[in-house]
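Input: a single structure, listed below in structure tokens.
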Amino acid sequence: MTTTMPKDTRGLAGQTIGDTEICAVNQTSLIYRGYEIADLAAHATFEDVAHLLLVGHKPSAAERSAFAEELASLRAIPDGLKRLLKEIAPAALASHPMSILRTGVSYLSHFDRDVEDHSPEAELRKAKRLVAQIPTIIGYGQMVRDDRTPVDPDPKLDHAANLLWCMSGEPPTELAAKVMDVSLILYAEHDFNASTFTSRVIASTMSDLHSAVCGGIGALKGELHGGANEKAMEMLSEIHAFVSAGSGNVDDFMQRAFAEKRKLMGFGHRVYKQGDHRAGILRSWGLKVAAERGPEAQKWFDLGDAVQKIMLEQKSIHPNVDFPCGMTYYAMGIPVPQYTPIFVASRVTGWAAHVMEQHRDNRIIRPLANYTGPELREWRDG
Ligand SMILES: CC(C)(COP(=O)(O)OP(=O)(O)OC[C@H]1O[C@@H](n2cnc3c(N)ncnc32)[C@H](O)[C@@H]1OP(=O)(O)O)[C@@H](O)C(=O)NCCC(=O)NCCS
């Protein structure tokens with residue numbers, strides 16, 4: 001007689017499956033190697049956080065500038081990848097930018113001399129190259145999609161500003177660069193979330209960093225995980241269209257969604273039940289961008305507030321970081337399908353840190369399954 005798993009343990013809910021020194025996700029705090037996320041968002045840069053996660057400690061001033069300079073020097077991508085991106089990235093094709101990015105990372109693996117070397121030194125070298133090159137792939141792909149001439153990365157720009165530059169060919173405002181930097185800090189790491197867990201499972205077979213990052217990209221793409229930042233904005237656009245067409249007000253839309261048992265994108269979290277504090281940090285920066293851009297940007301935050309209020313009052317479900325992210329990136333003029341690739345540009349630091357940690361003290365991750373299929377039977381009888 002077989003029985004199914006209790007609902008509350010499905011999806012490994014509530015189960016601790018390993019140790020990590022990298023990150024602690026608690027109800028009221030998110031800590032990267034001992035530093036709280038609000039502290040990092042207020043006082044660090046993405047380069048600082050990347051150093052903290054990958055190298056393992058807060059950089060000194062000299063380490064910080066050497067690290068940032070090294071990242072800036074590693075941004076170029078091979079001509080062969082540029083040719084491939086011209087083939088696969090045009091808007092006329094069905095490829096999502098996450099799939100383009102996954103292919104781009106896989107392509108890079110073939111030319112990385114360290115690809116099969118799992119030593120900590122080699123993994124750090126590979127991680128730095130990927131952190132530096134992923135924004136170039138994103139930017140190059142977007143310019144191809146827009147039918148514009150791609151630009152080279154600008155070594156004078158910080159990581160976040162360079163990402164915006166590569167995607168648009170326009171130097172970002174100081175505020176846009178700052179907000180992008182903060183969002184990259186907030187997205188960098190989150191313990192055993194689905195994509196990091198995927199990367200660790202891949203690493204645990206003693207596979208390579210590039211494979212683990214490709215797997216991470218695949219897991220992050222889904223709308224229940226990183227893909228939610230795009231879907232949250234699409235949902236707000238749908239609500240806006242519903243209201244503008246005179247089909248009803250925001251509450252009417254929400255009641256219909258509740259009746260259809262629809263998942264509202266950018267809400268809920270496996271761990272945070274009293275709210276995701278990254279959301280509040282990003283929202284406050286998003287509001288600054290909206291104030292700079294004017295009423296057309298501000299209206300999405302007003303609509304978001306109305307949705308958030310109904311979710312909280314009627315379902316007691318809080319927004320997660322992907323909800324304000326959608327509105328913030330929209331206010332910054334970033335094309336919606338690039339929201340999740342930008343998440344990758346940040347989370348690759350967390351994935352790489354976890355791959356290194358996994359390889360330092362490895363045991364293959366191989367859980368058990370609860371069999372619910374037919375009783376034992378004879379092939380010749382059936
Ligand atoms: C994040 C998410 C996948 C977590 O899933 P989970 O841990 O299995 O969800 P929970 O166990 O907390 O859900 C509890 C209840 O709230 C409901 N719920 C959770 N998130 C919801 C949402 N965004 N919209 C509507 N209902 C939601 C669930 O359907 C469930 O209802 P039930 O008990 O009637 O089945 C889920 O909240 C979700 O799909 N959110 C939308 C996608 C998203 O924003 N993802 C980004 C996460 S950072």
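Brief remarks follow.
- Going by accessible surface with a 1.4 Å probe and the largest first, LEU93, LEU224, LEU209 read LEU224, LEU93, LEU209.
- Overall dimensions of the chain by Cα: Rg and Dmax, Å: 21.5, 74
- Filtered GluC sites (Glu not before Pro), the stretch 10-107: DSSP coil and at most 13 other beta carbons within 10 Å: GLU21
- For the stretch 228-331, the relative contact order works out to 42 percent when only alpha carbon pairs closer than 8 Å and six or more residues apart are counted.
- Near SER95, once Lys and Arg are set to +1 and Asp and Glu to -1 for all other residues with Cβ below 13 Å from its Cβ, the sum equals +3.
- Set of lysines near LYS261 by C-alpha distance (under 17 Å), chain-local residues within fewer than 8 positions excluded: LYS231, LYS315
- Net charge over other residues, Cβ less than 12 angstrom from the Cβ of LEU30 (K, R count +1; D, E count -1): -3
- Computed from the C-beta positions of GLU296 and ARG262 and an R0 of 41 Å, the FRET efficiency is 0.90 to the nearest 0.05.
- Partners of LYS299 within straight-line reach, counting aspartates and glutamates whose Cα lies under 16 Å from its Cα and excluding those fewer than 8 residues away in the same chain: GLU234, GLU238.
- Net charge over other residues, Cβ less than 14 angstrom from the Cβ of ALA13 (K, R count +1; D, E count -1): +3
- Span from the the stretch 1-75 Cα centroid across to the the stretch 308-351 one, whole angstrom: 18 Å
- Two-decimal Rg to Rh for the stretch 228-331 - Kirkwood Rh, Cα set: 0.95
- Ranked by solvent-accessible area (1.4 Å probe, protein heavy atoms only, all chains present), the residues TRP300, TRP285 order from largest to smallest as TRP285, TRP300.
- On the stretch 45-174, 52 percent of the accessible area sits on carbon and sulfur atoms, based on a 1.4 Å probe.
- Counting only protein heavy atoms and a 1.4 Å probe, the chain has 47 square angstrom of accessible area per residue.
- Exposure rank, largest accessible area first [ILE365, ILE17, ILE239; 1.4 Å]: ILE17, ILE365, ILE239
- Taking a ≥ b ≥ c as the square roots of the eigenvalues of the alpha-carbon gyration tensor, the stretch 107-261 is classed oblate because a/c is 1.5 or more while a/b is no larger than b/c.
- Computed [θ] at 222 nm, deg cm²/dmol, the chain (DSSP H ≥ 4; -39,500 (n - 2.57); rounded to nearest 500): -19000 deg cm²/dmol
- Hypothetical label at LYS7: residues of the stretch 261-278 whose amide nitrogen lies under 17 Å (7 Å Cα-Cβ projection): 261-264, 269-270
- As a fraction of the 1.4 Å probe accessible area of the stretch 250-382, surface on carbon and sulfur atoms comes out at 53 percent.
- Accessible-area value, TYR329, 1.4 Å probe, nucleic acids and ligands omitted, Å²: 0 Å²
The values are calculated or read from the model by the stated rules, or taken from the named source; none is laboratory data. All of these numbers come straight from a predicted model, not from anything done at the bench. Neighbour counts run over all protein chains shown; Cβ positions are idealised from the backbone, glycine included. Ligands, DNA and RNA are stripped out before the accessible areas are found, and what is left, the full protein with its side chains, is counted by its heavy atoms. Shrake-Rupley method; radii C 1.70, N 1.55, O 1.52, S 1.80 Å.
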